[in-house]
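Reviewing the structure listed below.
The values are calculated or read from the model by the stated rules, or taken from the named source; none is laboratory data. On a predicted model such as this, the values are computed, not experimentally measured, just so you know. In this analysis, Cβ positions are derived from the backbone assuming ideal geometry, glycine residues included, and neighbour counts consider all displayed protein chains.
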Amino acid sequence: MKALFIDCNQQLAPVWQRVIRPDDPPIAVNMMPFERGELPRVLDGYDICIDDHSYMPTGLVKQCAALRHIVFLGTGAASYMDVGELNELGVTVHTIKGYGDTAVAEHTIALMMACCRDIARMDRGIRGGSWAPQEGVQLRGKTLGIVGLGGIGQEVARIARGIGMEVVAWNRTPRLDAGPRLVDLDTLLAMSDVISLNLTLNDGTRGFLNADRIARLKPGLILVNTARGALIDEPALITALQSGRIRHAGLDVFHAEPLKPDHPLAQLDNVTLSAHAAFRTLEASMTLLRRAIDIVRRIVDEPQ
């Protein structure tokens, strides 16, 4: 079976060279950018595709006659393809969990601190010739509400407790090993000074933070999302930021990526942005790519 890493980039290429082994199955590597409509040409003849956040529309995948497996680098394949439709086409989508829990949690805390102290706004101002100190929010003693208590949520809780925050959490399913105090969702929305979204995106969580739930947030909330952009009703988020109900948002993920510079979220001073980079540390990338290669190995070794 032929395999292609369809969208390797300059950042991942040296990591790939560090983790690939001589006895691994052959995997071709494409580093040339391509338009979305070129997907069938790029994947022509390949049975397996490793995908680092390239969109895989069902109509185009349908034209990839040989393709049977997509190994998505991460957990959020649903943001880039319709997994159910692809399964119906006979294309299995493989995702990778747990490779970067600490990396994402540390980025979550970094965004939280940047939001609370308006660091990005002051940085932009100073570079533009304006000296305007901003009054920040002190985190010690504040309540952090974690929505989604998987591996990343647990790591966020661990770090937040270390800086003196009170931590509460809500999870879609019961957790006997929760760690943080579990509360119902309405209680978490009303009592949290900061909320971190750490849910997986699926049909049950798409649009999870909708206008009704945003209206129940504690006024002046800090919101951090390093999970998936589609968890939030974007127009409702923008309205809440403009009104000040949400004091500041730290966003690493968006409905459409890359975020365009004229997007309303990019125009608001009370939004701190990063480029879907929460999981990108050397340690996490090495684990992620190694696991992807191991998945390819298992596929190749399966009896046909």
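Is region 102-118 home to any residue that is without any contact (Cβ under 8 Å) to a residue 40 or more places away in the chain, out of contact with any Asp or Glu (no Cβ under 8 Å at 6 or more places or on another chain), assigned by TED's automatic domain parsing to the domain that holds Leu201 and in a helix (DSSP H, G or I)? Yes, some residue in region 102-118 is without any contact (Cβ under 8 Å) to a residue 40 or more places away in the chain, out of contact with any Asp or Glu (no Cβ under 8 Å at 6 or more places or on another chain), assigned by TED's automatic domain parsing to the domain that holds Leu201 and in a helix (DSSP H, G or I). Screening Thr102 with (1) under 20 Å from the mean Cα position of the chain (by Cα); (2) buried (at least 20 other Cβ atoms within 10 Å of the Cβ); (3) among the β-branched types (Val, Ile, Thr) gives one miss only, at (2). Every condition in (1) out of contact with any strand residue (DSSP E or B) (no Cβ under 7 Å at 6 or more places or on another chain); (2) not small (Gly, Ala, Ser); (3) not assigned by TED's automatic domain parsing to the domain that holds Leu188 is met by Val296 except one, and the failing one is (1). Out of all the residues in region 177-194, which are farther than 17 Å from Ile222 by Cα and not aliphatic (A, V, I, L, M)? Within region 177-194, Asp177, Gly179, Pro180, Arg181, Asp184 qualify.
For first residues located in region 210-239 and surrounded by fewer than 23 Cβ atoms within 10 Å (Cβ to Cβ), partners that are assigned to a strand (DSSP E or B) and of a type in the set (Lys, Arg) and lie 6+ apart or on another chain with Cβ distances below 7 Å form the pairs Gly220/Arg247; Leu221/Arg247. Taking Ile163 as the residue in question, decide whether it is within 18 Å of Thr226 (Cβ to Cβ) and either surrounded by fewer than 16 Cβ atoms within 10 Å (Cβ to Cβ) or aromatic (Phe, Trp, Tyr) (or both). Spelling it out, Ile163 is indeed within 18 Å of Thr226 (Cβ to Cβ) and either surrounded by fewer than 16 Cβ atoms within 10 Å (Cβ to Cβ) or aromatic (Phe, Trp, Tyr) (or both). Filtering region 70-107 to residues that are within 19 Å of Leu231 (Cα to Cα), at pLDDT 95 or above and among the hydroxyl-bearing types (Ser, Thr, Tyr) leaves only Thr95.
Residue-level check: of (1) crowded, with 18+ Cβ neighbours inside 10 Å; (2) outside the structural domain of Gln17 (by TED's automatic domain parsing); (3) of a type outside the set (Asp, Glu), Ser285 misses just (2). Residue check: is Thr187 in a loop (DSSP other than H, G, I, E, B) and in the same structural domain as Arg117 (by TED's automatic domain parsing)? Spelling it out, it is not the case that Thr187 is in a loop (DSSP other than H, G, I, E, B) and in the same structural domain as Arg117 (by TED's automatic domain parsing).
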